[in-house]
1. Of all residues in the range 191-236, which are in contact with a Phe, Trp or Tyr (Cβ under 7 Å, 6 or more places away or on another chain) and either among the β-branched types (Val, Ile, Thr) or in a strand (DSSP E or B) (or both)?
2. When residues of the range 159-181 are filtered for being in contact with a strand residue (DSSP E or B) (Cβ under 7 Å, 6 or more places away or on another chain) and surrounded by 12 or more Cβ atoms within 10 Å (Cβ to Cβ), how many remain?
3. Are any residues in the range 346-373 within 19 Å of the chain's Cα centre (by Cα) and farther than 14 Å from THR411 by Cα, and if so, which ones?
4. Before we move on, is GLU6 assigned to a strand (DSSP E or B), farther than 30 Å from VAL351 by Cβ and of a type outside the set (Lys, Arg)?
5. Here is a list of conditions, (1) over 30 Å from SER305 (Cα atoms); (2) surrounded by 18 or more Cβ atoms within 10 Å (Cβ to Cβ); (3) not small (Gly, Ala, Ser), and LEU72 meets all of them except one; can you say which number that is?
6. Cβ contacts < 6 Å: first residue under 17 Å from GLU369 (Cα atoms), restricted to the range 390-417; second residue among the hydroxyl-bearing types (Ser, Thr, Tyr) and surrounded by fewer than 21 Cβ atoms within 10 Å (Cβ to Cβ), any location; separation 6+ or different chain. Result?
7. Just checking, which of THR11, THR83, THR16 is in contact with a strand residue (DSSP E or B) (Cβ under 8 Å, 6 or more places away or on another chain), over 24 Å from ASN101 (Cβ atoms), β-branched (Val, Ile, Thr) and surrounded by fewer than 17 Cβ atoms within 10 Å (Cβ to Cβ)?
Amino acid sequence: MKTDVEELSPTRVKLTVEVPFDELKPNLEKAYKEISQQVRLKGFRPGKVPARLIDQYVGRGTVLQEAVNDALPGLYGRAVEETELFALGQPDVEITELEDNEQFAFTAEVDIRPKFEVPDYDGLEITVDTVEVTDEEIEETLSNLRERFATLTNAERPAEEGDFASIDLAATVDGEDVEDARTSGYSYEVGSRSSVEGLDDQIVGMNAGDSKTFTTTLVGGEHEDQEAEVTVTVHSVKIKELPELDDEFAQLGSEFDTIEELRADVRKRLGDQKRGQQLGQARDKALEALMEKLDIPLPESVIESEIQRRNEQLDQQLQMYGMSRDKYLEDQEKSEEDYDQEIKDGAREAVKGGFILDQLALQEELTVENEELTEYVVRNAMQMGVQPDVLAKHLTENGQIPAVVSEVLRTKALNLVVEHVKATDENGADVDIAALQRQESGEDEDDAEEQTAAVETTEAAAEPEAETEAEPEEKKADA
């Protein structure tokens, strides 16, 4: 097989592939066998029709086309591998020559990752937020903990903001009941503004047993944006009582004996959390600093795919919360044009960052060990709320192991950059990135040791890819 490469642009090439006809023989035999199963000729059982009769009744051209369609994916893959291209997306293939028993040739135009070298990144300067835990943050955390242990007691008075009322709701539009707006025994926090507009103003001042009807505009469901008559009935009014912030509460809500011990633990946990955020910010800033040193061409098809992926992801999230895109943009105070531009800019940055990390992984000859794949699966399984073996099986059966390897390689490449930056906080103090990474990896190692056995299938499936180069994928453009 002979392959020539023509550069159409820095991010697109045209492959011209010439294939000796003999290489199609296995595909021709397969085509004859499959067609023979479908042909019905008197005197021959399915699968036993001779090739000469298939040529006579079906046509040699049909057999050739079947064989070529079967051979093309493998031949294209070989051409890409032999020319050491980083192909992106699906190629545009055209058969240019097909002479029976003589020659087969085709062309394939495809986007590629641009060729470039990552410059020296040692000593990149970045600034991250200062880690500072305030007394206000500690008290807010303790307040949230108190909320979890709050109790409700009946109030012998009209409802006020902050109370909890057990209510029934019913709505009509043009005299017809709205089924999806009907609810009974709903425990509603007065003043939360989390239900239909105007409900809170109506409940304030109502006693148990009272009913009111008011007019409002529905914001969801079949009758969205329509005016409705809503009736609210209050069954009970309860006062929320919070426990005192004392030693007794510390023993009730934690493992500590005194409130001061609990407060010290909250301070430490908030500090650890902020240091974790500081490391994440350092990674983002390090990649941004490295990206500023490079100006590389980006294939538009990959950017369009990333834009589509991000839009689909947003639509799924909005559907989950029952919110329209118009309402989302209104809440975010953005126009459709502003949103589109933001998505485009984010997609370009993500694709560029991914390319840079892929190239850095190649330059530094980074590889992925099975233990690192195990950590990836365990960590993501915990975030998704599934068992690691379930996620491992899903990744393996859906052929996503190479994508996981690519993602882990990008993470390793980014960590390598972060290790070489000079980081300071907003107060000018040096930030010990190595200590932050040790803190993070220590947590990850504990998680991985507990559940390593659950992901043996992932290790086995990933073994052939673990030593391969990073292969960029459109849907994994985020660094």
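Only the coordinates and a few stated rules stand behind these numbers; no lab work does. Owing to the predicted nature of the structure, the values given are computational and were not obtained by experimental measurement. Backbone-built Cβ (ideal geometry, glycine too); neighbour counts: all protein chains shown.
1. Correct list: VAL230 only.
2. 14
3. Listed by number, the residues that qualify are GLY346, ALA347, ARG348, GLU349, VAL351, LYS352.
4. Criteria not met by GLU6.
5. Against the list (1) over 30 Å from SER305 (Cα atoms); (2) surrounded by 18 or more Cβ atoms within 10 Å (Cβ to Cβ); (3) not small (Gly, Ala, Ser), LEU72 comes up short only on (1).
6. What qualifies is ALA392/THR457; THR396/THR457.
7. THR83
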